[in-house]
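Below is one structure, written out as structure tokens, with a few remarks after it.
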Amino acid sequence: MDAAVLDTASATAPLVWHRFQFAFTIVYHYLFPQLTMGLALLIAFMKWRGLRPGGGRWNDAARFWIKIFGINFAVGVATGIPMEFQFGTNWARFSTFAGGVIGQTLAMEGMFAFFLESSFLALLVWGEKRLGPRRHFMAALALWAGSWLSGYFIVCTNAMMQHPAGHAIGPDGNLRLVDFGAFILNPWALAQYAHTMAGSVTTASFVMAAVGAFYALKGRHGEQAAIFLHTGVTAGLVAAVLVAFPTGDAQAKMVAAHKPAALAAMEGRFTGGARAAITLIGQPDVAGRKMDNPIEVPGILSILAHGSVRADVHGLDEYPEDTWPDNIELLYYVFHIMVGLGTIFIAVMAVAALLAVRRRLTTFRPMLWVLMLAAPFPYIANTAGWMTAELGRQPWLIYGLLRTADGSSPHVHAGATLFTLIGFCGLYGLVSLLFVLLIGREIAHGPVAQGGGPAPGAEPAHG
């Protein structure tokens, strides 16, 4: 083999494994907070309903989901810690360059939001009798605030990498924070946060509806099954619509304005022009600079990107190839998976809501099966969404400022990274087994009354 090829391979191999390891750990970690952030809102709603006359059944329902929240929160914390260390071990040059800026929000997430969330979770789990109904509801509100504040600080950190704001280059060549307001209120962060939170509520709603459908199909916990179904379907329909519009629409327009090459890659669009079509199905042929077997809807991409059917949408051929996302095929597919599943979510929840209005939701078994089996798909859609954001940012680690190839740790070789990745795979496999056992046990037990016995209404739900 040519010596130059060997040198290139040895130089790129560590970077590949650094990226793969971080991708694996962050994808696995985000399975948990994407549920807890949305679930925090639904728990607060249930506790509010529990304050009203006859609210005992709502408190029983909230008590069940607080336990589910606690398990997910614990696993989320455990799997989030390794990512913090990877900034130093795998991405030392990135940390040196950007730590003075992104360290602000990462520290705020840990010091403020995390402790707020964890403290009030403890009160929710163990303090219901001592606090009383109203203060227990206030603890639920604090949990919601803590989890969503935590989400904002993380999204704000990512937004700095997507669309840098509030920074300057210091005398040492590294970033320093010069405008905290511009950094913390980055327009990209605001749009990305709204989209992320709507996606999180979608996940929580589908999971809640799935558990309710399971109980309804089994003829167990009928009263709580109805609560889970109606709450999950109502919140899920609202959240799924919000994911598409206005939050998804706002994100699309920001990508079109600031990252036109990324938008072109998401759509497999190699040549630009007006009245740009959106591709529903197709296979991007990067080498041939074309889309194979496309099924397109004319003009829609121009509307989504710029609000006008006559607007010009740029193609990849208009930009230097070294500024293209480095995995266009994967970017194209994960983007279309996200959009396709999001559209299906709206349709599923709309049909379920119609059945709920007609008082048939808890007894119409085909829809109960659909809702129960749909639970994994919001996780897939949210993961695809984050992959779209991260793949679309490439080849930049901080867009326009630091390339991914220049951000890794130069002295950590591929063998060391692969060794720890194998260790993470084994460890997270054991964590997954423990998580499934704990969640399965809680679902098998079902909701319980405050005294510890089964919640009333264990008969089949009637709609």
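Bear in mind these aren't lab numbers, they're just calculated from the coordinates by the rules spelled out. Remember, it's a predicted structure, so these values are computed and weren't measured experimentally. Cβ sites come from the backbone with ideal geometry, for glycine too, and all protein chains shown count toward neighbours.
Relative to one another, the C-alpha centroids of segment 36-70 and segment 371-450 are positioned 27 Å apart. Counted by neighbouring Cβ atoms within 10 Å, the residues GLU109, GLU117, GLU329 run from fewest to most as GLU329, GLU109, GLU117. Note on ALA145 and ARG52: the extension gain reaches 31.3 nm, defined as 0.36 nm multiplied by sequence separation minus the Cα-Cα distance. Fully extending the segment from VAL436 to ARG134 would add 105.4 nm, taking 0.36 nm per residue of separation and subtracting the current Cα-Cα distance.
The residue list ALA40, ALA226, VAL334 was ranked by how far each Cα lies along the charge dipole of the chain toward its positive end, using unit charges on Cβ atoms, and ALA226 comes out on top. Roughly how far apart, in whole Å, are the Cα centres of segment 214-269 and segment 171-205? After rounding, the separation between the Cα centres reads 20 Å. Here the calculated FRET efficiency for LEU401 and LEU373, from their Cβ-Cβ distance with R0 = 41 Å, stands at 0.40, rounded to the nearest 0.05.
Label-to-label distance, LEU106 versus GLU321, with points set 7 angstrom from Cα along the beta-carbon direction: 3.5 nm.
Bridging of LYS259 to aspartates and glutamates at a Cα separation below 18 Å is possible for ASP249, GLU267, ASP312, ASP317, GLU318, GLU321, ASP322, ASP326, GLU329, GLU390, once same-chain residues fewer than 8 apart are set aside.
Scanning residues 5 or more positions from ILE278 or on other chains, those with amide H under 5 Å from its amide H are VAL297, GLY299, ILE300, LEU301, with H placed 1.01 Å from N in the peptide plane. Ranked by the mean number of other Cβ atoms within 10 Å of their residues, highest first, the peptides 407-420, 93-106 come out as 93-106, 407-420.
Helical runs assigned H by DSSP (4 residues or longer) give the chain a calculated mean residue ellipticity at 222 nm of -23500 deg cm²/dmol, each run adding -39500 (n - 2.57) before division by the residue total. Label reach from ILE300 (point 7 Å along Cα→C-beta): in segment 334-357, amide nitrogens under 19 Å belong to 334-350. Taking other C-beta atoms within 10 angstrom as a stand-in for reagent exposure, PHE245, PHE270 fall in the order PHE245, PHE270, fewest first. A crude spin-label estimate for the pair PHE115 and ILE422, with each label 7 Å from Cα along the Cβ direction, gives 4.1 nm.
Annotation: amide H-H contacts under 5 Å for TRP91 (H modelled 1.01 Å from N, sequence separation of 5 or more, or interchain): SER409. Remark: spin-label model distance ALA182-ILE169 equals 1.5 nm, labels positioned 7 Å along the Cα→Cβ axis.
When only the Cβ of Lys, Arg, Asp and Glu is charged (+1, +1, -1, -1), the dipole of the chain relative to its Cα centre reaches about 2220 debye.
Candidate cross-link partners of LYS47 among the lysines, defined by an alpha-carbon separation under 23 Å and a same-chain spacing of 8 or more, comprise LYS67, LYS129. When semi-axes √(5λ) of the Cα gyration tensor in Å is computed from the coordinates, the matching label among (1) 36, 25, 23; (2) 40, 27, 21; (3) 33, 28, 26 is (2).
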